[in-house]
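The values are calculated or read from the model by the stated rules, or taken from the named source; none is laboratory data. The model shown is predicted, which means the values in this text are computed figures rather than measured ones. Cβ atoms come from the backbone with ideal geometry, glycine included; neighbour counts cover every protein chain shown. Accessible surface is based on the protein model in full, side chains and every heavy atom, while ligands, DNA and RNA are left aside. Shrake-Rupley method; radii C 1.70, N 1.55, O 1.52, S 1.80 Å.
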Amino acid sequence: MAKRDYYEVLGVAKNASESDIKKAYRKAAMKYHPDKFANSSDAEKKDAEEKFKEINEAYEILSDAQKKAAYDQYGHAAFENGAGGAGGFGGGFGGFSGNAQGFDFEDLGDIFGSFFGGGGRGRSQGPRVKEGEDLRYNLELTLEEIAKGVEKEIKYKREGKCHTCHGSGAEPGHNMKTCPKCNGSGHIRTQQRSIFGVQVVTQECDECHGTGKIPEKACSTCHGTGLEKETVTRKVRIPSGVETGQRLVVRDGGNAGGNNGIFGDLYIFITVKKHDIFRRDGFDIHCEVPVKMTTAILGGEVEVPTLDGKTKIKIPEGTQSGTIFRLRDKGIKQPSSDRRGSEIIQVKVEVPTNLTEKQKDILKEFDDTLGSKNYKEGKSFKDKIKRFFQKFEG
Ligand code: ZN
């Protein structure tokens, strides 16, 4: 099999920056990391292992300025004959496997923050700003949509800012005042007696929820929370080539934090629907097309589907079942360039059924005219079988 273009392997444009290449590599390596295929079938494991190697090989070259320059000029030929070599895959990869969900470290910080009773971002000693929750939105896309990228309108419910008090929680005309319970610090210290002695525990103030301020008079619409349910409609740009399991982040698309807090984020979880005709493989799409037996024998034109509409391909005389035709630039657009993958068509010669007696007679008559020169594959297969059994006959 021909080696794939390294830029294609990582799904980046030729002029991609160092950090884009790194990002693309991390994403791809996480996706095909062997740890994720521990419970998969052997075929899936092998496929993932090959992809993983391919990704690491591509990154080894593209992350090294010198090797990258050589590759840009000479392609794969630059590393043949042992010139550079791409051995020792897997270098520079570590620490991502535990991060398979695609959270970055900032997110992890937030998760730990909430586990340990802290308040997410800005976990300091003073009063803090309330942060709204992140939300999840499941978005199903068709292959046609992700082939070129699409703008989708999504609609969802969230906790927004109260329209009366604009999120402060105070009745219009009234100010916020320092929380009397915590004196504006946002937390309360209590002493707890235990077998280890007296411990001082700092807890978030339950009066002001850590903000240090409460409304002089609570807003009559939201009863002082600053929140109100709302339905949001947003246009989201989906880049081409996204895959099932990927997430897009809409900053501030989540719930509002109460009392002039900040918004959480919205995570769009992508699912790409299975297509009736095409099967996807990276930026390529595969399609099996039935061809009449007579067309395969005599040659002719066959209409085939593409993502851009119907087109015709020439079937040469004597085309065998399983033959592959490649339509360049009919696949999925790469997100950061105008390049598209290919459509790979595999022809399947269809054997006619329900023949009449007359048709059968014609075929028998035709069959009598055929000789070994008409069957190249069969002849070489027969020769192989002969050699195979000769071994036993000694
Ligand atoms: Zn309000």
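Odds and ends about this structure:
- Listing of strands (runs of 3 or more DSSP E) fully contained in region 181-293 that carry 1 or more residues being more than 16 Å from the ligand (Cβ to nearest atom) and either open to solvent by 20 Å² or more (accessible area, probe 1.4 Å) or of a type in the set (Ser, Thr, Tyr) (or both): 187-194, 197-204, 227-238, 247-250, 266-272, 279-281, 284-292
- For region 166-177, the set of residues classified as open to solvent by less than 80 Å² (accessible area, probe 1.4 Å) and either away from the ligand (no atom under 16 Å from the Cβ) or not in a loop (DSSP other than H, G, I, E, B) (or both) consists of Ala170, Met176, listed by residue number.
- Arg326 touching a residue at least 40 places away in the same chain (Cβ under 8 Å), touching a strand residue (DSSP E or B) at 6+ places or on another chain (Cβ under 8 Å), among the basic types (Lys, Arg) and under 30 Å from Gly245 (Cα atoms): no
- Residue tally, condition part of a loop (DSSP other than H, G, I, E, B) and in contact with an Asp or Glu (Cβ under 7 Å, 6 or more places away or on another chain), over region 337-371: 2
- Within region 231-262, the set of residues being of a type in the set (S, T, N, Q) and more than 29 Å from Leu10 (Cβ to Cβ) comprises Thr231, Thr233, Asn255, Asn259, Asn260.
- Among (1) away from the ligand (no atom under 16 Å from the Cβ); (2) surrounded by fewer than 19 Cβ atoms within 10 Å (Cβ to Cβ); (3) not small (Gly, Ala, Ser), the one test that His163 misses: (1)
- Here is the figure for region 266-300: residues that are among the polar types (S, T, N, Q) and closer than 15 Å to Gly245 by Cα total 1.
- Residues that are modelled with pLDDT under 90 and of a type in the set (Asp, Glu) were ranked within region 195-242; the one that is nearest to Ala147 (Cα to Cα) is Glu204.
- Some residue of region 296-312 being of a type in the set (Val, Ile, Thr), farther than 26 Å from Thr142 by Cα and open to solvent by 60 Å² or more (accessible area, probe 1.4 Å): yes
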